[in-house]
1. State which entries of Lys47/Lys86; Lys51/Lys79; Lys51/Lys85 exceed 30 angstrom in Cα-Cα distance in the structure shown.
2. On a full-extension model of 0.36 nm per residue, what is the gain between Lys77 and Asn12, subtracting their alpha-carbon distance, rounded to one decimal in nm?
3. Cα-based Rg of the chain per 2.2 N^0.38 Å, rounded to two decimals?
4. Counting Lys +1, Arg +1, Asp -1, Glu -1, what net charge surrounds Ala95 among other residues with beta carbon under 10 Å of its beta carbon?
5. For Lys66, give me every one of the aspartates and glutamates with a C-alpha distance below 20 angstrom, ignoring sequence neighbours fewer than eight places off in its own chain.
6. Share of the chain's accessible area from carbon and sulfur, percent, 1.4 Å?
7. Given a 1.4 Å probe and the protein chains all in place, what does the accessible area of Phe94 round to, in Å² to the nearest 10?
8. Tell me, what is the per residue accessible area of the chain in Å², probe radius 1.4 Å?
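The values are calculated or read from the model by the stated rules, or taken from the named source; none is laboratory data. This structure is a prediction, so every number in the text was calculated from the model and none was measured. Neighbour counts run over all protein chains shown; Cβ positions are idealised from the backbone, glycine included. Note: accessible area is taken over every heavy atom of the protein model, side chains too, but ligands, DNA and RNA are not part of it. Shrake-Rupley method; radii C 1.70, N 1.55, O 1.52, S 1.80 Å.
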Amino acid sequence: TITAWVNWKGKNSVMPFGFETYDIYVIGGYLGFNTANGDCYGTYFSKYKNKWVHLIVEFHKGEYGKIWINGEPQNLKQKYGRINKKNAVMSDKFAI
């Protein structure tokens with residue numbers, strides 16, 4: 001589980017934090033999970049552009065996890081691609 005304050009400036013194709021092949025991705029106005037497979041399983045995020053928000057991201061091995069924004073659980077949907085379950089792992093290579 002990762003918790004952080006973030007301020008997204010509207011840039012596309014951003015990976016604010018994550019592991020080698022399993023991370024959080026912002027693309028096309030959505031924020032969600034990515035497994036290095038052209039995928040994004042997430043929630044609409046454009047309404048938070050240029051605003052500080054508190055994220056809680058819960059990574060799950062072998063599947064997508066959960067996201068909370070400002071304490072509210074998000075209803076996540078597949079927006080791009082498909083999950084690569086073998087890449088949904090928390091490796092020792094974490095980056096912010």
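1. Details: Lys47/Lys86 32 Å; Lys51/Lys79 23 Å; Lys51/Lys85 32 Å.
From Lys47/Lys86; Lys51/Lys79; Lys51/Lys85, over 30 Å: Lys47/Lys86; Lys51/Lys85.
2. Details: separation 65, 0.36 × 65 = 23.40 nm, distance 1.85 nm.
The span from Lys77 to Asn12 would gain 21.6 nm if fully extended.
3. On the way: Rg = 12.0 Å, N = 96, 2.2 N^0.38 = 12.5 Å.
Its radius of gyration relative to the 2.2 N^0.38 Å reference: 0.96.
4. Details: positive: Lys93; negative: Glu20, Asp23.
Charge balance near Ala95 sits at -1.
5. Glu20, Asp23, Asp39, Glu58
6. Numbers: 2820 of 5560 Å².
That fraction is 51 percent.
7. 90
8. Numbers: 5560 Å² over 96 residues.
Ligands and nucleic acids excluded, the figure is 58 Å² per residue.
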